[in-house]
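I have placed the structure first, in the form of structure tokens, so that the comments after it can refer back to it.
The values are calculated or read from the model by the stated rules, or taken from the named source; none is laboratory data. Quick caveat, the model's predicted, so the values are computed rather than measured. No Cβ is skipped: glycine too gets one built from the backbone with ideal geometry, and neighbour counts run over all protein chains shown. For accessibility, only protein heavy atoms count, side chains too; no ligands or nucleic acids. Shrake-Rupley method; radii C 1.70, N 1.55, O 1.52, S 1.80 Å.
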2 protein chains.
Amino acid sequence: MYSISEVSRLTDTSAHTIRYYEKEGLLFPDRTASGVRQYDDKHIDWLRFVLRLRATHMPIDQIRQYVALFRASSDDHDTTLDRLALLEQHQTLVRAQLAELQLTEQMITEKISSYHRLHPSIPGKQPSQSR
Amino acid sequence: MYSISEVSRLTDTSAHTIRYYEKEGLLFPDRTASGVRQYDDKHIDWLRFVLRLRATHMPIDQIRQYVALFRASSDDHDTTLDRLALLEQHQTLVRAQLAELQLTEQMITEKISSYHRLHPSIPGKQPSQSR
DNA sequence: GCTTGACTTAGAGTTCACTCGAAGGAGTAG
DNA sequence: CTACTCCTTCGAGTGAACTCTAAGTCAAGC
């Protein structure tokens, strides 16, 4: 089991943020008798997944819904479909972001090499000489 | 020449935001005698480039610096190197975002197909039957 | 000449996701 | 026992990027 400061180090996330995520309903660590948060490997894995979702701009609100669906799932109420829907929705967004980034990467690369063409004397990263 | 509302339509950006970008020093349209903004195709192209940079999380502040360098450029003060540095810096960021997105896309796709494995009866986007 | 609708400005308000601060409690080392 | 560190909560503050409001100006059509 890990303390919040260990989780903070392991995931490179401030303790403040980890508590904030808990308050927002994204994370449910165990507690000691005295109320201290205790995290196991599964909690860490989940947090890492959440951080990935955030890094790809899934809103906290939607992640909360996803978590809530997990916790609402029971024998007579299966939430798999709803969770799937949320995942697929985010997948679509991620792919859109990928497309946008790829286009922009090309534009920037193009602009950079046009600068090099106009100013052949410029130092710095030249189109790699190797190979 | 285009009015702000035409630019708004052409770039799918609110007139508010376009004026805001101008206030932030990202955009310098012409003005009529009475002070009405007038945009030409070059302005539109530049705005589209700015929107790309924004969509890939280049801060407005940095875009402003980039624009300012253009306008500061003169015969005895060439700013090409500084502009190149800004572009290369953003290129690095874009590539990092690409890597993150690709990883996350894989994770989500994996999770989605594991849902499908567990619930083979689920409707919706199945791993495409075509081809 | 007057109405209409798009335009102008400065500045205030909103949203999101943190980020921090203050005040205090629990467990451990000396 | 005392000092120290890490933990707790609640609530306020921050920063970026919009987003909107209010009050007013201007040009075109009737």
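Observations, loosely collected:
- With R₀ fixed at 41 Å, the C-beta to C-beta distance from B:Thr79 to A:Lys23 puts the FRET efficiency at about 0.30.
- For B:Gln38, residues with placed amide H under 5 Å, excluding near neighbours: B:Asp30, B:Arg31, B:Thr32
- Inter-copy label distances at A:Thr109 (7 Å, Cα→Cβ; nm, one decimal): 2.0
- Sorted shortest first, the distances from the B:Arg71 label point to those of the same residue in the other copies are 5.1 nm; each point sits 7 Å from Cα along Cα-to-Cβ.
- Sequence-distant contacts, meaning Cα pairs under 8 Å at least 6 residues apart, place the relative contact order of chain A at 16 percent.
- Whole-Hz couplings from phi, Karplus 6.51/-1.76/1.60, listed for segment B:77-85; x for Gly and Pro: 8, 8, 9, 4, 4, 5, 5, 4, 4
- Charge dipole (debye, nearest 20) of segment A:28-121; +1 at Cβ of Lys and Arg, -1 at Cβ of Asp and Glu: 480
- Rg over Rh, two decimals, segment A:60-119 (C-alpha only, Kirkwood Rh): 1.41
- Label point 7 Å beyond Cα along the C-beta direction, distances from B:Gln38 to other copies (nm, shortest first): 7.4
- Only DSSP H runs of four or more residues enter the estimate; each adds -39500 (n - 2.57), and after division by the residues of chain A the mean residue ellipticity at 222 nm equals -21500 deg cm²/dmol.
- Exposure of A:Glu6 as accessible area (Å², to 10), given a probe of 1.4 Å and all protein chains: 70
- Exposure ranking of A:Leu87, A:Leu81, A:Leu118 by accessible area [1.4 Å probe, largest first]: A:Leu118, A:Leu81, A:Leu87
- Share of alpha-carbon pairs per 5 Å distance bin for segment B:1-55, given as whole %: 5, 20, 36, 28, 8, 2, 1
- Equivalent ellipsoid, the protein assembly as shown (semi-axes from 5 times Cα gyration tensor eigenvalues, Å): 44, 24, 21
- In terms of accessible area, using a 1.4 Å probe and ignoring ligands and nucleic acids, A:Leu10, B:Leu69 rank largest first as A:Leu10, B:Leu69.
- Near the amide H of A:Thr13, within less than 5 Å, lie no amide hydrogens of residues on another chain or at least 5 residues away, with H placed in the peptide plane.
- With an a/c value of 1.5 or above and a/b not larger than b/c for the gyration tensor axes a ≥ b ≥ c computed over the alpha-carbon atoms, chain B is described as oblate.
- Cα gyration tensor shape of segment A:31-102, rounded if a/c is under 1.5, else prolate or oblate by comparing a/b with b/c: oblate
- Proximal charge balance of B:Ser73 [Cβ under 14 Å; K/R count +1, D/E count -1]: -2
- Along segment B:66-72 the Karplus relation, 6.51 cos²θ - 1.76 cosθ + 1.60 evaluated at θ = phi - 60°, assigns HN-Hα couplings of 4, 4, 4, 5, 3, 6, 7 Hz to successive residues, with x for each Gly and Pro.
- In nm, spacing of pseudo-spin labels at B:Ala96 and B:Ile44 (7 Å Cα→C-beta vector): 3.6
- Note on B:His119: accessible area is roughly 60 Å² with a 1.4 Å probe, heavy atoms of protein only.
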